[in-house]
Amino acid sequence: MTGQFTHQITDRIPSRITDHAIRLTSVVRRYGGGDSGVTALDGVSLGFPQGTFTAVMGPSGSGKSTLLQCAAGLDRPTSGSVRVGGTELTTLSERRLTLLRRERIGFVFQSYNLLPSLTAEQNVVLPLRLAGRRVSKARAREALRRVGLGDRTRHRPAQLSGGQQQRVALARALITRPEVLFADEPTGALDSRTGREVLTLLRSLVDAEGRTVVMVTHDPVAASYADRVVFLVDGRVHGELTGAGAGEIAGRMTSLEAGVPVGTARAPDDAAGAPPDTAGAGASEGGVRGCEAPGARALESGALGSGASEADAPGAHASEAGVPEAGGMGAGAPGAGGAEAAGAGPAGAGAGVSEVLPC
């Protein structure tokens with residue numbers, strides 16, 4: 001099933017890669033302090049070249065989602081450097097970080113995070129509308145057509161299959177024309193056929209448009225669509241594979257999981273909740289911990305907030321991908337986020353936000 005995607009994978013990788021869309025240098029992310037603290041990332045240095053598809057894998061609690069959140073500016077590392085293009089994220093203010101995510105980064109999560117009261121077309125254009133930007137119906141319909149949903153523009157999420165909803169979420173992430181697309185378990189809630197459709201779309205973004213895709217996944221078949229697979233164990237990089245098939249990837253994962261000692265401290269994305277003083281600081285690898293929204297803060301590629309209230313409280317933003325934010329960047333409490341769009345976007349744009357992830 002995977003042969004067609006694994007052969008000649010190395011041919012897709014540029015022969016001379018000198019520019020990185022994202023680069024992490026000596027990144028540490030620690031939650032809590034003292035003996036109860038947990039180190040989710042432990043000195044990670046990693047680059048994601050432009051125009052490539054990278055999958056990130058590892059045992060549960062290895063820090064995969066924490067890596068994605070730090071790389072995307074959804075969470076601030078405790079120390080180290082994160083650069084998107086030539087921009088250092090760790091020194092940006094909250095507002096500037098919001099604007100960068102909104103304009104240069106896209107997000108797709110296992111939970112589709114569509115507003116149930118809006119049509120597919122309205123969900124797709126919501127990021128731009130709430131950012132105060134005009135968007136034509138033609139542009140929205142073109143975004144849906146690109147993901148195979150040109151005839152579903154007026155359908156609401158309840159009228160779409162899981163695969164179709166994920167494709168709407170992908171169209172919403174792409175309408176801002178991001179430099180980098182992050183995907184956290186994008187096929188985790190889909191059957192194998194619809195999962196392949198979404199993965200093929202992600203693959204085509206790299207091959208046909210030269211975009212950069214970074215995907216966290218547990219699935220070796222999903223990872224086989226990528227140019228390379230980076231493995232994490234206990235918050236550290238433990239090698240990578242290039243042009244590997246699902247079988248080889250599965251074998252590597254099996255050996256890594258067998259080598260994780262019983263009782264090893266886990267990163268927060270494997271825990272039932274964060275330490276009390278950092279509740280809301282990290283999201284689960286499945287996308288939700290308790291009542292937290294995926295990514296544990298505003299998913300700004302999908303701008304469900306204009307950023308106007310962002311400076312008031314780190315946990316007060318709405319998810320810009322269509323979910324309420326639940327916790328700020330290293331602050332806030334699960335479920336504490338509201339719909340920033342309620343007072344910042346077009347009339348009715350915030351309707352139904354609280355229904356996305358009920359607590």
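Of the set (1) under 17 Å from MET215 (Cβ atoms); (2) modelled with pLDDT under 95; (3) touching a Gly at 6+ places or on another chain (Cβ under 8 Å), all apply to ARG12 but (3).
Against the condition of a type in the set (Ser, Thr, Tyr), touching a Ser or Thr at 6+ places or on another chain (Cβ under 8 Å) and not in a loop (DSSP other than H, G, I, E, B), how does THR153 come out, does it pass? Explain how you work it out, then say what you get.
On the way: of a type in the set (Ser, Thr, Tyr): yes; touching a Ser or Thr at 6+ places or on another chain (Cβ under 8 Å): yes; not in a loop (DSSP other than H, G, I, E, B): no.
When the stated conditions are applied, THR153 does not pass them.
Residues that are open to solvent by 30 Å² or more (accessible area, probe 1.4 Å) and under 23 Å from THR98 (Cβ atoms) occur at least once in region 161-181. Restricting GLU248, GLU240, GLU197 to those that are surrounded by fewer than 20 Cβ atoms within 10 Å (Cβ to Cβ) and either part of a loop (DSSP other than H, G, I, E, B) or in contact with a strand residue (DSSP E or B) (Cβ under 6 Å, 6 or more places away or on another chain) (or both) reduces the list to GLU240.
Would you mention how many residues in region 212-236 are within 16 Å of ALA40 (Cβ to Cβ), among the small types (Gly, Ala, Ser) and out of contact with any Leu (no Cβ under 7 Å at 6 or more places or on another chain)? Working first, answer last.
First, the residues of region 212-236 that are within 16 Å of ALA40 (Cβ to Cβ): 216, 230-236.
Next cut, among the small types (Gly, Ala, Ser) only: 235.
Those left that are additionally out of contact with any Leu (no Cβ under 7 Å at 6 or more places or on another chain): none.
Summing the residues that are within 16 Å of ALA40 (Cβ to Cβ), among the small types (Gly, Ala, Ser) and out of contact with any Leu (no Cβ under 7 Å at 6 or more places or on another chain) in region 212-236 gives 0.
Against the condition part of a strand (DSSP E or B) and either surrounded by fewer than 23 Cβ atoms within 10 Å (Cβ to Cβ) or acidic (Asp, Glu) (or both), how does SER117 come out, does it pass?
Taking the combined requirement at face value, the residue does not satisfy it.
The values are calculated or read from the model by the stated rules, or taken from the named source; none is laboratory data. Predicted model only: the values in this text are computed from it and were never measured. Cβ sites come from the backbone with ideal geometry, for glycine too, and all protein chains shown count toward neighbours. What goes into the accessible areas is simple: the full protein's heavy atoms, side chains included, and nothing from ligands, DNA or RNA. Shrake-Rupley method; radii C 1.70, N 1.55, O 1.52, S 1.80 Å.
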